[in-house]
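**Student:** This structure is in structure tokens; I'll ask about it shortly.
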Amino acid sequence: MEWDVLIAIFPSVVVDGLVLGFVYAMIALGYTMVYGVLQMINFAHSEIFVTGAFVGAEILLIMQAGGTLGALHPLALLAVIVLVAMLVSAVLAVAVERIAYRPLRGAPRLIPLISAIGVSFFLQDAIRLVESLWRNAFYLTYPVVEFFDLRIAIAGDIDVPIKSILVVVASLLMLVVLTLFVNRTRLGTAIRAVAEDQAAAGLMGINVGRMISLTFLIGGAMGGAAGALFGVQFGTINPYTGFIPGIKAFTAAVLGGIGNVPGAMVGGLVLGMLETLAASYMSLLTGGAFGAEYKDIFAFSVLILILMFRPRGLLGEVVREKL
Amino acid sequence: MALLEVQDLHVYYGHIHALKGISVAVEAGEIVTLIGANGAGKSTTLNAISGLLRPRQGRVLLGGQDLAAYPPHEIVGRGVVQVPEGRRIFGRLTVRENLEMGAFRRTDRAAIEEDLERVFALFPRLRERLQQVAGTLSGGEQQMLAIGRGLMTRPTLLLLDEPSMGLAPVLVEQIFETIRQINAAGTTILLVEQNAFMALEIAHRGYVLQTGEIALAGTARELQANEEVRRAYLGG
Ligand SMILES: Nc1ncnc2c1ncn2[C@@H]1O[C@H](COP(=O)(O)OP(=O)(O)OP(=O)(O)O)[C@@H](O)[C@H]1O
Ligand SMILES: [Mg+2]
């Protein structure tokens with residue numbers, strides 16, 4: 001076996017794994033926060049994510065058409081598309097909750113779930129419709145920004161594209177800010193209080209509806225950022241692109257312990273890493289018997305194993321409450 | 001005009017007619033107790049006052065103003081806070097965070113600090129355990145935290161739902177003494193209790209609730225002397 005090949009590609013495999021892992025982690029946060037507060041799986045979250053990807057693409061495409069793509073520093077460009085994608089996805093997520101979930105508060109658990117699946121389909125086709133009318137196409141490709149593809153050496157003769165580093169840095173930054181927000185601020189504490197006991201939170205003067213909106217706002221913003229970063233990293237998107245990353249991010253949330261914010265990050269990173277390692281090494285290690293296309297089978301097998309031994313997820317509830 | 005006036009309140013759970021037209025008044029500065037057997041409708045009454053339940057008929061007036069239009073958090077904003085049955089503290093939050101959630105609507109930093117000190121004066125145990133996760137407190141400590149958290153809203157009217165439930169006799173004495181102190185410091189109290197004996201000891205007036213209706217009302221002395229009350233609630 002070509003050990004030198006294995007070793008030579010290892011650093012870039014790790015970087016790719018991190019990139020994917022952080023994207024999953026950011027999407028997973030949306031699932032996990034909403035689940036934590038409402039015990040509901042927001043199936044429309046994958047479309048909130050894709051909306052972010054489309055917003056990023058549109059901004060870049062419009063700037064390209066206007067010849068202004070080079071006017072901004074690439075880093076500023078990235079900041080603009082990520083921030084606008086966050087804003088649009090956040091507003092969309094809040095609107096979805098208001099329109100499709102809030103009226104169903106108090107209904108049996110399956111009802112909002114079905115509503116969420118409906119919203120998911122609706123948004124996919126709404127994006128398709130809008131793009132078809134506007135561009136006569138609904139597969140979009142992110143314009144090439146050369147700076148993003150420049151490779152820089154991280155150690156010795158190992159180099160990785162700048163965009164990968166940017167994705168990792170940007171998501172790491174956002175995850176840190178979010179963690180501090182949830183754990184250290186008054187509003188973050190109120191969200192955790194609502195997650196635990198809505199009626200008691202209301203009795204303490206907390207506006208429960210507003211905290212639920214805030215939860216969707218944050219989850220949506222993270223999803224939108226993930227969408228734009230996903231687009232920059234992988235290039236081509238369509239209205240149905242969200243499905244697979246969505247399922248995987250949801251899995252990551254469960255893996256980390258659904259409802260648990262740090263868990264979503266750990267779950268996302270573990271899943272992204274496993275998947276990338278499998279894609280890069282399975283073929284080499286099995287002499288070609290299992291190719292990269294088996295990566296999901298490998299990743300999900302590990303996942304099932306982990307959940308068999310830790311059914312509440314890696315960081316799932318450990319503290320038991322007294323009644 | 002009474003601080004709180006509940007007028008002819010009817011509350012239903014589906015088809016169950018839980019409150020059948022009850023009227024209760026609480027004057028500013030009083031401790032009024034609502035006693036009654038399990039299922040009489042005591043918690044239902046408090047939840048209707050707090051806006052968690054919507055009455056089908058009747059009114060809840062605070063200082064003459066109808067509370068019907070307000071959601072629970074705004075009723076807290078108007079100075080009425082409930083310490084619910086079973087404590088309902090936030091078990092995954094720390095003691096400090098629980099207390100902070102009581103002060104959620106407030107922005108008067110200095111006054112919040114003052115109130116925190118006041119809570120610690122009533123319950124010194126809480127100060128020692130500020131960083132502890134609330135779910136790991138003992139039952140008595142949780143009750144202290146629940147009351148402390150409610151006080152952090154700086155209420156004019158405190159609704160207490162069975163604060164002595166599940167506590168050891170020594171602690172029960174202590175909790176009732178604390179309630180008396182809170183009242184002496186200027187907070188009006190509506191106290192729901194199973195422990196009618198203790199409740200009537202500290203209350204000014206009381207109401208006896210029976211299957212959704214007010215069966216008796218009077219001063220605490222009158223109720224303590226009443227034959228029926230003695231037989232049904234005071235064990236002789
Ligand atoms: N969510 C509910 N759904 C249906 N019925 C309810 C509900 N909550 C209370 N009830 C009924 O309403 C009546 C009054 O209940 P409530 O909780 O007010 O009694 P309580 O006086 O507080 O009793 P306890 O001393 O046991 O706490 C009871 O018959 C109870 O079964
Ligand atoms: Mg009760």
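**Student:** Based on Cβ point charges of +1 for Lys and Arg and -1 for Asp and Glu, what charge dipole magnitude is obtained for chain A about its Cα centre, in debye rounded to the nearest 20?
**Tutor:** With only Lys, Arg, Asp and Glu charged at Cβ, the dipole is about 1260 debye.
**Student:** Whole Å is fine, so just give me how far the alpha carbon centre of region A:92-115 lies from that of region B:1-53.
**Tutor:** Rounded to whole Å, the Cα centres lie 32 Å apart.
**Student:** Hey, another quick one. By its C-alpha gyration tensor, with a ≥ b ≥ c as the square roots of the eigenvalues, how is region B:120-167 shaped: rounded for a/c under 1.5, else prolate for a/b larger than b/c, else oblate? Working shown, then result.
**Tutor:** Details: a/c = 2.06, a/b = 1.27, b/c = 1.63.
Note, shape of region B:120-167 comes out oblate.
**Student:** Let's see if you can work this out: charge +1 on each Lys and Arg Cβ, -1 on each Asp and Glu Cβ, no other charges. What is the dipole magnitude of region A:105-193 about its Cα centre, in debye to the nearest 20?
**Tutor:** 720
**Student:** How well do other chains shield peptide A:204-213, expressed as the mean number of their Cβ atoms within 10 Å of each residue Cβ?
**Tutor:** Partner Cβ neighbours, averaged per residue: 6.
**Student:** Which one of A:Ser89, A:Gly256, B:Ala215 has its Cα pushed farthest toward the positive end of the charge dipole of the protein assembly as shown, where Lys and Arg give +1 and Asp and Glu give -1 at the Cβ?
**Tutor:** B:Ala215
**Student:** Toward the positive end of the charge dipole of region A:22-250, about the Cα centre and with charges on Cβ (Lys, Arg +1; Asp, Glu -1), which of A:Gln233, A:Val119, A:Ile244 goes farthest?
**Tutor:** Positive-end residue among those listed: A:Val119.
**Student:** How big is the gap, in Å, between the Cα center of region A:1-72 and the Cα center of region B:130-149?
**Tutor:** Computed from Cα coordinates, the inter-centre distance equals 42 Å.
**Student:** How far is it, in nm, from the label point at A:Ala292 to the one at B:Arg56 when both lie 7 Å from their Cα along the line to the Cβ?
**Tutor:** 6.7
**Student:** List every DSSP H helix in chain A whose Cα atoms extend 18 Å or more along the helix's own long axis and whose mean Kyte-Doolittle hydropathy is at least -0.5.
**Tutor:** A:3-38, A:45-65, A:74-96, A:110-135, A:162-184, A:208-234, A:243-256, A:261-285, A:295-309
**Student:** Another one. Quick one: grab the alpha carbon gyration tensor of region A:1-86, order the square roots of its eigenvalues as a ≥ b ≥ c, and give me rounded if a/c is under 1.5, else prolate or oblate depending on whether a/b is larger than b/c.
**Tutor:** Since a/c reaches 1.5 but b/c is at least a/b, the shape of region A:1-86 is classed as oblate.
**Student:** Please label the shape of chain A as rounded, prolate or oblate, based on the square roots a ≥ b ≥ c of the eigenvalues of the alpha-carbon gyration tensor (a/c under 1.5 means rounded; beyond that, a/b larger than b/c means prolate, else oblate).
**Tutor:** oblate
**Student:** Here's something else I'd like to know. With label points built 7 Å along Cα→Cβ from the Cα atoms of A:Val80 and A:Ala65, find their separation and express it in nm.
**Tutor:** 1.5
**Student:** Residues with amide H under 5 Å of A:Ile154's amide H, sequence separation 5 or more or different chain, H placed in the peptide plane at 1.01 Å from N; which?
**Tutor:** A:Asp159, A:Val160
**Student:** Hey, got the dipole for the protein assembly as shown? About the Cα centre, +1 on K and R Cβ, -1 on D and E Cβ, debye to the nearest 20? Write out the running numbers ahead of the final one.
**Tutor:** On the way: 42 positive and 45 negative charges, 144 e Å.
In debye, rounded to 20, the protein assembly as shown gives about 700.
**Student:** Over the whole of A:188-197, what's the average partner chain Cβ count within 10 Å per residue? Rounded to a whole number, please.
**Tutor:** Mean number of neighbouring Cβ atoms from other chains: 5.
**Student:** Which semi-axis lengths, in whole Å and largest first, follow from the square roots of five times the eigenvalues of the Cα gyration tensor of region A:44-114?
**Tutor:** With the √(5λ) rule applied to region A:44-114, the semi-axes are 35, 10, 8 Å.
**Student:** Could you check which residue among A:Met40, A:Met308, A:Met222 shows the biggest mean-square fluctuation in a GNM of chain A with a 10 Å Cα cutoff?
**Tutor:** A:Met308
**Student:** Further question: Can you run phi through the Karplus equation (6.51, -1.76, 1.60; θ = phi - 60°) for region B:17-33 and list ³J(HN,Hα) in whole Hz, with x for Gly and Pro?
**Tutor:** After applying 6.51 cos²θ - 1.76 cosθ + 1.60, I find 8, 7, 10, 10, x, 9, 10, 9, 10, 10, 7, 4, x, 7, 10, 10, 10 Hz.
**Student:** Pop a pseudo-label 7 angstrom from the Cα along the beta-carbon direction at both B:Ile16 and A:Leu113 and give the gap in nm to one decimal.
**Tutor:** Placing both labels 7 Å along Cα→Cβ, they lie 2.7 nm apart.
**Student:** Still on this structure, please answer the following. Could you list which residues have their amide H under 5 Å from that of B:Leu216, counting only those 5 or more apart in sequence or on another chain, with H placed in the peptide plane?
**Tutor:** Amide H neighbours of B:Leu216: B:Val208.
**Student:** In region A:1-159, with Lys and Arg counted as +1 and Asp and Glu as -1 at Cβ, which of these residues, A:Gly52, A:Pro11, A:Pro108, has the Cα nearest the positive end of the dipole, that is, farthest along it?
**Tutor:** After comparing all options, I get A:Pro108.
Laboratory data are not the source of any read-out in this text; all were calculated from the coordinates shown. All values derive from a computational prediction rather than experimental measurement. Note: ideal-geometry Cβ built from the backbone for every residue, glycine included; neighbour counts use all protein chains shown.
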